[in-house]
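Student: Pasting a structure here, questions to come.
The values are calculated or read from the model by the stated rules, or taken from the named source; none is laboratory data. Every value quoted in this text rests on a predicted model; they were computed, and no experiment measured them. Note: ideal-geometry Cβ built from the backbone for every residue, glycine included; neighbour counts use all protein chains shown. Side chains included, ligands, DNA and RNA excluded: accessible areas come from the protein's heavy atoms. Shrake-Rupley method; radii C 1.70, N 1.55, O 1.52, S 1.80 Å.
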Amino acid sequence: MTDAFETAKQLRPGLWETVNERYPGSMITKVDLVPLAPLRKPLSQTRLTFVSSAGVQPRDSLPFDVVHPVGDFTFRRVPSSSTPADLEIHQIKYPTAGAARDLNVIFPVDRLSELAEDGTIGGLTPNFFSFIGYTIDPAGFERTLAEALADAVAAEGAEAVLLCPA
Amino acid sequence: MQRAIERRGIPTVSVTVARDVTERAKPPRALFVPFMMGHHFGVPFHRALQRRVLTAALERLELAERSGEIATLPVTWAEARRQGDAIERELGLKR
């Protein structure tokens, strides 16, 4: 097996089918494309926010409902000034072996702060956003949580968004 | 989620470890990394790799030309783990 082949291949193939078999109807398929919104300034002047579905939350915030059968359609704000010690993971749908030792592998709060400090990006919004991605009602998820979170991201003054679907 | 944000006029990019899921969900911009689920930015304590994934993803905000494009970072999970192990030995976290 060559490295080039390994590069192109996802580590766990057929994930969409596997998950949709376990949780029928849970996986999204779209046929249309959303027009690209332009980046209005260079990255070095752009205020970034981070949106994560990894269930990372401040230690003193209401824990996500990780056993809700339909899905927890709430989100948490995570101060961008947080350190990994301020945060913990409430989600059971992905391996956290790496994150348990260095949260930056799934929620790179330290690296994002460094990018802001060294001027690679123009800055960070005061808060990042966090939810848990599991749901067996993707249409309901889109109507409620996705719209509410998108509104919150816009209100936060984000000029670009990095997302990490866990 | 990503599509809802982009529709508000804010450019977005995601980092994915599941190319097949991303191909179906059709977010506006994405960077695929062939890493383990839950390890989108690499391995513990490998700051250079974590930063590389981040900057490669953010570059898509400037470089992507068509909605739905999925770029690939030329890395492997095996190599990331080898490098991570070496870093942990240097840091005295692993023998």
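Student: Kindly indicate which of B:M37, B:M1 is within 7 Å of chain A (Cβ to nearest Cβ), in contact (Cβ under 8 Å) with a residue 12 or more places away in the chain and under 23 Å from A:S130 (Cα atoms).
Tutor: Exactly one residue qualifies, and that residue is B:M37.
Student: Here is a follow-up. Only one residue in A:S61, A:S81 is more than 18 Å from A:G133 (Cβ to Cβ) and of a type in the set (S, T, Y), so which one is that?
Tutor: Result of the check over A:S61, A:S81: A:S81.
Student: Of all residues in the range A:119-159, which are open to solvent by less than 30 Å² (accessible area, probe 1.4 Å), among the aliphatic types (A, V, I, L, M) and closer than 27 Å to A:W16 by Cβ?
Tutor: Correct list: A:I132, A:L145, A:A146, A:L149, A:A150, A:V153.
So that you can scan it fast, the table gives a plain yes or no per residue for (1) without any contact (Cβ under 8 Å) to a residue 12 or more places away in the chain; (2) out of contact with any Ser or Thr (no Cβ under 6 Å at 6 or more places or on another chain); (3) open to solvent by 20 Å² or more (accessible area, probe 1.4 Å); (4) more than 7 Å from chain A (Cβ to nearest Cβ):
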site	(1), (2), (3), (4)
B:V13	no, yes, no, no
B:R19	no, yes, yes, no
B:G42	no, yes, no, no
B:R95	yes, yes, yes, yes
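Student: Check whether at least one residue in the range A:80-89 is within 7 Å of chain B (Cβ to nearest Cβ) and of a type in the set (D, E), and report yes or no.
Tutor: no
Student: Take the conditions within 10 Å of another protein chain (Cβ to nearest Cβ), over 13 Å from the mean Cα position of the chain (by Cα) and either within 20 Å of B:V15 (Cα to Cα) or open to solvent by 10 Å² or more (accessible area, probe 1.4 Å) (or both) and apply them to A:A116. Does it pass?
Tutor: No, not satisfied.
Student: Within the range A:131-150, is even one residue within 23 Å of A:L43 (Cα to Cα) and assigned to a strand (DSSP E or B)?
Tutor: Checking the range A:131-150: not a single residue is within 23 Å of A:L43 (Cα to Cα) and assigned to a strand (DSSP E or B).
Student: Within the set of pairs 6+ apart or on separate chains, which have a first residue in the range A:77-95 that is hydroxyl-bearing (S, T, Y), a second that is in a loop (DSSP other than H, G, I, E, B) and open to solvent by 60 Å² or more (accessible area, probe 1.4 Å), and C-beta atoms under 9 Å apart?
Tutor: These pairs meet every condition: A:S80/A:P126; A:S81/A:P126.
Student: Is there a residue being touching a Cys at 6+ places or on another chain (Cβ under 9 Å), within 13 Å of chain B (Cβ to nearest Cβ) and modelled with pLDDT of 95 or more anywhere in the range A:98-106?
Tutor: Scanning the range A:98-106 turns up at least one residue that is touching a Cys at 6+ places or on another chain (Cβ under 9 Å), within 13 Å of chain B (Cβ to nearest Cβ) and modelled with pLDDT of 95 or more.
Student: Now for a different question. Being in contact with a His (Cβ under 6 Å, 6 or more places away or on another chain) and at pLDDT 95 or above narrows it down to one residue among A:P63, A:P84, A:P42, A:P38; which is it?
Tutor: A:P63
Student: For B:V53, are the conditions met, namely being without any contact (Cβ under 8 Å) to a residue 60 or more places away in the chain and either out of contact with any strand residue (DSSP E or B) (no Cβ under 9 Å at 6 or more places or on another chain) or more than 7 Å from chain A (Cβ to nearest Cβ) (or both)?
Tutor: yes
Student: I need every pair where a residue in the range A:134-153 that is under 18 Å from A:D65 (Cβ atoms) has its Cβ under 8 Å from the Cβ of a residue that is β-branched (V, I, T) and surrounded by 21 or more Cβ atoms within 10 Å (Cβ to Cβ), sequence separation at least 6 or different chains.
Tutor: Short answer, once both residue conditions are applied: A:F141/A:T135; A:L149/A:V51; A:L149/B:I5.
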